[in-house]
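We did not get these values from a lab; they are worked out from the coordinates using the rules stated. As the structure is a prediction and not an experimental result, all values here were calculated from the model. Cβ sites come from the backbone with ideal geometry, for glycine too, and all protein chains shown count toward neighbours.
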Amino acid sequence: MRQIGRFIFTVIGVIFRHPVTGVTVIPILPDGRIVLVRRQDTGKWGLPGGLVDWGQDIPTTAKRELAEETGLELLEIERLVGVYSSCDRDPRLHSISILLVA
């Protein structure tokens with residue numbers, strides 16, 4: 001399954017030759033703990049997040065991704081941490097990632 005996902009990302013990158021936009025959330029629980037998820041493609045721990053779907057804005061994407069990956073409901077986006085766009089940041093494709101604290 002991982003190979004199919006990598007293949008799809010490669011095809012998208014070759015066909016469109018434009019970076020895709022993603023959202024990454026730093027979910028901080030009331031007691032100060034940060035929630036991490038285990039990545040399906042590498043098995044490593046990381047922050048929840050994903051690609052912006054067609055017709056979605058950034059807050060909606062953050063809410064959807066957090067719910068899908070952790071089961072948590074996004075109550076409030078506290079702040080923007082940064083926007084990262086290095087073309088070699090993600091080996092699968094060139095992406096623009098928006099990092100938010102929630």
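Overview of values
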| item | result |
| --- | --- |
| Selection count where residues are surrounded by fewer than 16 Cβ atoms within 10 Å (Cβ to Cβ), in a loop (DSSP other than H, G, I, E, B) and on the phi < 0 side of the Ramachandran plot, scope segment 39-55 | 7 |
| Residue count for segment 59-81, restricted to those that are exposed (fewer than 11 other Cβ atoms within 10 Å of the Cβ) and acidic (Asp, Glu) | 2 |
| Count of residues meeting criterion [exposed (fewer than 13 other Cβ atoms within 10 Å of the Cβ) and either farther than 14 Å from residue 21 by Cα or of a type in the set (Gly, Ala, Ser) (or both)] in segment 86-98 | 3 |
| Condition broken by residue 23, with the remaining ones in (1) free of Cβ contacts under 8 Å to residues at least 40 places away in the same chain; (2) within 25 Å of residue 4 (Cβ to Cβ) satisfied | (1) |
| Qualifying residue in segment 19-38 (condition: surrounded by 10 or more Cβ atoms within 10 Å (Cβ to Cβ), touching a His at 6+ places or on another chain (Cβ under 9 Å), part of a helix (DSSP H, G or I) and not aliphatic (A, V, I, L, M)) | no |
